[in-house]
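Structure first, then comments.
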Amino acid sequence: MRPKTAGTRARPTLLTALSAFSALLLATACTSDDGKEPAKGSDGPASSGATTGAGPADGGKSDGGNGDGGNGDGGDSGQGNGGTAGGDTSKPFTGPQLERSALATGDLPGFQVSSGKSALAPAGQPTADTPTCQPLADAMGDAPSPRAKSTVNRGLGSVKNVGLAVSASVSAYSEADAVQLMDGLQKAVGACGKGFTATLQGRSGSYREVKESPFTAKGADETVSWTAVGTNEGVAAPVHLVVVRQGATVARFMALDLARRVPPRVPQEVADKQLAKVGQVRAG
């Protein structure tokens, strides 16, 4: 999960210890020396890092830093700062549009980008042990919620802050579903402070100390940001998640520090660049 830098590999012992719940936290985190090329912009169909939703299907679920690892620039979670590039923000992106809007190597100095999914990461949407917290579990899956029409995922590794792994995705929704997703997340963050357990393909992780964390993303209509501590098999690691809405498009970010040195933060420049690319694609 570290950047694909010649002569370096992620420590197997740490990856093994973290695998069960980091797969839930970072289902699309960057791979480590797996031979895959960094993600590049494409006008074609969604890559192997993309998933396509099967349409609205709740199954009882609610739809719910400056620099590398630095703090965000403030702002209230759930608040947008309005204003986006030209184009109809209420119109869902097509698959090719999502692919063009996804982050690629070269977009962010100091980061390597991969479209390959981690071999440790199972596919699908985690299930929370309580319906109230299901939106938070959904946010850790292949898509921010099952109502996504299509999702393109990327994994980023920081070159300067080795160990910082960031998962970024962009998803297309109907605008109504995107608004409902954000509302569900905001309510779940407030209601699930004591924590919850999420299970995916037989792997479980517990998440405690769920706390709202202020974060402002440039160009977002709404932002929900929170931190939690994931625990599995005696290993605990903090995680930071940010979900932002720009019309019918939802971008999601998850940050995990594999070195476990400092509490991770989604880098401000990652979120801002992702929303900027969404605006550029919409503007044509």
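The values are calculated or read from the model by the stated rules, or taken from the named source; none is laboratory data. These figures come from a predicted structure and were not determined experimentally. Neighbour counts run over all protein chains shown; Cβ positions are idealised from the backbone, glycine included. Each accessible area value is taken on the protein alone, full model and side chains, heavy atoms only, with ligands, DNA and RNA left out. Shrake-Rupley method; radii C 1.70, N 1.55, O 1.52, S 1.80 Å.
Name every residue in the stretch 177-191 that is under 19 Å from the mean Cα position of the chain (by Cα) and either open to solvent by 40 Å² or more (accessible area, probe 1.4 Å) or within 16 Å of Gly141 (Cβ to Cβ) (or both), in order of residue number. Talk me through it step by step, then tell me what you get.
First, the residues of the stretch 177-191 that are under 19 Å from the mean Cα position of the chain (by Cα): 177-189.
Asp177, Val179, Gln180, Leu181, Asp183, Gly184, Leu185, Gln186, Lys187, Ala188, listed by residue number.
Identify, from the list Ala220, Ala191, Ala178, Ala172, the residue that is more than 23 Å from Ser158 (Cα to Cα) and in contact with a Cys (Cβ under 8 Å, 6 or more places away or on another chain). First the steps, then the outcome.
Working: Ala220 fails: in contact with a Cys (Cβ under 8 Å, 6 or more places away or on another chain); Ala178 fails: in contact with a Cys (Cβ under 8 Å, 6 or more places away or on another chain); Ala172 fails: in contact with a Cys (Cβ under 8 Å, 6 or more places away or on another chain).
Among Ala220, Ala191, Ala178, Ala172, only Ala191 is more than 23 Å from Ser158 (Cα to Cα) and in contact with a Cys (Cβ under 8 Å, 6 or more places away or on another chain).
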**Message:** Consider the stretch 213-228. How many of its residues are more than 14 Å from Val266 (Cα to Cα), under 16 Å from the mean Cα position of the chain (by Cα) and surrounded by fewer than 24 Cβ atoms within 10 Å (Cβ to Cβ)?
**Reply:** 1
**Prompt:** What is the one condition in (1) within 15 Å of Ala251 (Cβ to Cβ); (2) buried (at least 22 other Cβ atoms within 10 Å of the Cβ) that Lys149 does not satisfy?
**Reply:** (2)
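For (1) more than 19 Å from Gln97 (Cβ to Cβ); (2) of a type outside the set (D, E, K, R); (3) outside any strand (DSSP E or B); (4) touching a helix residue (DSSP H, G or I) at 6+ places or on another chain (Cβ under 9 Å), each residue gets a yes or a no:
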| site | (1), (2), (3), (4) |
| --- | --- |
| Ala165 | yes, yes, no, yes |
| Leu185 | yes, yes, yes, yes |
| Ser206 | yes, yes, no, yes |
| Lys211 | yes, no, no, yes |
| Lys218 | yes, no, yes, yes |
| Val229 | yes, yes, no, no |
| His240 | yes, yes, no, no |
| Val243 | yes, yes, no, yes |
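Pick from the stretch 128-143 the residues that are modelled with pLDDT under 90 and not aliphatic (A, V, I, L, M): which of them is surrounded by the fewest Cβ atoms within 10 Å (Cβ to Cβ)?
Within the stretch 128-143, the first condition is being modelled with pLDDT under 90, and the residues that meet it are 140-143.
From the residues that got through so far, the ones that are not aliphatic (A, V, I, L, M) too are 141-142.
Working: Gly141: 24, Asp142: 26.
Per the criteria, the residue is Gly141.
Within the stretch 248-266, can you find the residues that are more than 18 Å from Ala139 (Cα to Cα) and in a loop (DSSP other than H, G, I, E, B)?
Initial filter on the stretch 248-266 (more than 18 Å from Ala139 (Cα to Cα)): 257-263.
Listed by number, the residues that qualify are Leu258, Ala259, Arg260, Arg261, Val262, Pro263.
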